[in-house]
Amino acid sequence: MKLEFSAADEAFREEVAGWMAENLVGEFAPIRFRGGPGDEHMYVEERIAWEQRLAAGGWTCIGWPEECGGRGASIEQQVIFAEEYARAGGPGRMGHIGEGLTGPTLIAFGNEDQQARFLPGIRAGKEFWCQGYSEPSAGSDLANVKTKARFDEERGVWLINGQKVWTSLAQDADWCFVIARTDPDSVAHKGLGFFLIRMDQPGIEVRPIRQITGTSEFNEVFFDDAECGAGDIVGAPGDGWKVAMGLLGFERGVSTLGQQMGFQNELNAVIAAAKDNGAAADPLIRQRIADAHVGLKIMRYNSLRMLSGGGDGSLQPEATIYKLYWASWRRNLGKLAMDVLGPEAEMLEGQGYELGPLQTLFLFSRADTIYGGTNQIQRNIIAERALGMPREPKGN
């Protein structure tokens, strides 16, 4: 296992930390530690401006190849950037879907025209994306999508009809990548297409979904003859499953590894509250805090184990446990936060539905074991893909 970063990597860490210290000030000081899970609705315009400050400093899309506008940063350097970003209190990224999902997918599967049209806007922090995968009857089961795409020969465009749900940041996105069925008679993973659709057009309606946290960063998106240009399908009709699975590989990749510093910030907040209100004197609370600390260290070492692979930049089989592990750990941290607060956990900070940070942590972390693949699905992935066990039986 690689337990340390190289001297060059540590020099890179100092560069990142120095830039963050110089730039997360002044107009950007109020957005430090804001815009994360459960807080995505806050400071939207300021965070868009921050994306463009990042871009001007060369800190967007650092893992992309240099010929695509990135830095060609190694996996280690990408993790370091994410760690130092969180440590400095960098706000929730408005461009993370474009940078971490759309961009790598277009680099891997898109044609030169698509790369030339879409990558610069993502890299500059000026065009933002959302993901059109889940549907009311196709959450974890992506192969069950019902949204349809029909090519209009006369107009030379695809017409998209259907509904997507749990679409993060759709209200602020310029574009959406959508999985839709190009062959109406196809079933399962066959006959799907991967479409790039402009959100600001007739035929698209975005409806917010109000969550238990009181916020609405998730949405339903309805497509009623929404248009997609003939050149805005990635790959050929029928290639959608291949492209979608490739994208999910990017989602499970390095973009998640640096989130541990964000978890450390949350744990620090729990510890501070325990010291402040005397809960730290309870030996059971102290033991649970210690368990959370140990669990976070295990998460860290597993990440280092993933980085210790063959050097080809690919993630190792150990990566399959990551989502299941962190989601369960953070859900338990939310429970701990409520027990540390005690009766205060049941009180709101202000009128309306004004939650405190630890209350938001508790409520939002309930979803961690569901979105991005439920814990049950994650266990199937571990069994079937990492351990080579027989696939789960399917019903008739």
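The values are calculated or read from the model by the stated rules, or taken from the named source; none is laboratory data. Note that the coordinates shown come from a computational prediction; the quantities given were computed from them, not determined experimentally. Cβ placement follows ideal geometry from the backbone for every residue including glycine, while neighbour counts extend to all protein chains displayed.
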Tell me the residue from I107, I75, I62 that is of a type in the set (V, I, T) and under 27 Å from E27 (Cβ atoms), please. I62
I'd like to check something: does region 111-131 contain any residue that is surrounded by 20 or more Cβ atoms within 10 Å (Cβ to Cβ) and out of contact with any helix residue (DSSP H, G or I) (no Cβ under 9 Å at 6 or more places or on another chain)? no
Any residue that is assigned to a helix (DSSP H, G or I), within 24 Å of L247 (Cα to Cα) and either under 19 Å from the mean Cα position of the chain (by Cα) or without any contact (Cβ under 8 Å) to a residue 40 or more places away in the chain (or both) - is there at least one of those in region 345-364? no
Would you please list the contacts, defined by Cβ atoms under 8 Å and residues six or more apart or on different chains, that run from a residue in region 228-243 that is buried (at least 21 other Cβ atoms within 10 Å of the Cβ) to a residue that is hydroxyl-bearing (S, T, Y)? V234/T105; G240/T182; V243/T105
Hey, could you check region 365-396 for residues that are assigned to a loop (DSSP other than H, G, I, E, B) and of a type in the set (A, V, I, L, M) and say which is surrounded by the most Cβ atoms within 10 Å (Cβ to Cβ)? A367
Subset of region 145-154, residues free of Cβ contacts under 8 Å to residues at least 40 places away in the same chain and not in a strand (DSSP E or B), comes to K146, E153, E154
In region 180-215, what residues are under 23 Å from T102 (Cβ atoms) and among the β-branched types (V, I, T)? T182, I197, I204, V206, I209
Please find, within region 22-40, the residue that is surrounded by the fewest Cβ atoms within 10 Å (Cβ to Cβ) out of those that are more than 30 Å from G334 (Cβ to Cβ) and not acidic (D, E). G26
From A73, A86, A49, A82, residue being assigned to a helix (DSSP H, G or I), modelled with pLDDT of 90 or more and among the small types (G, A, S): A49
Which one is modelled with the lowest pLDDT among residues in region 160-217 that are crowded, with 16+ Cβ neighbours inside 10 Å and hydroxyl-bearing (S, T, Y)? T213
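If you go through region 5-16 one residue at a time, how many are surrounded by fewer than 17 Cβ atoms within 10 Å (Cβ to Cβ) and of a type outside the set (D, E)?
Start the filter on region 5-16 by keeping residues that are surrounded by fewer than 17 Cβ atoms within 10 Å (Cβ to Cβ), which leaves 6-11, 14-15.
Cutting the leftovers down to of a type outside the set (D, E) gives us 6-8, 11.
Selection size over region 5-16: 4.
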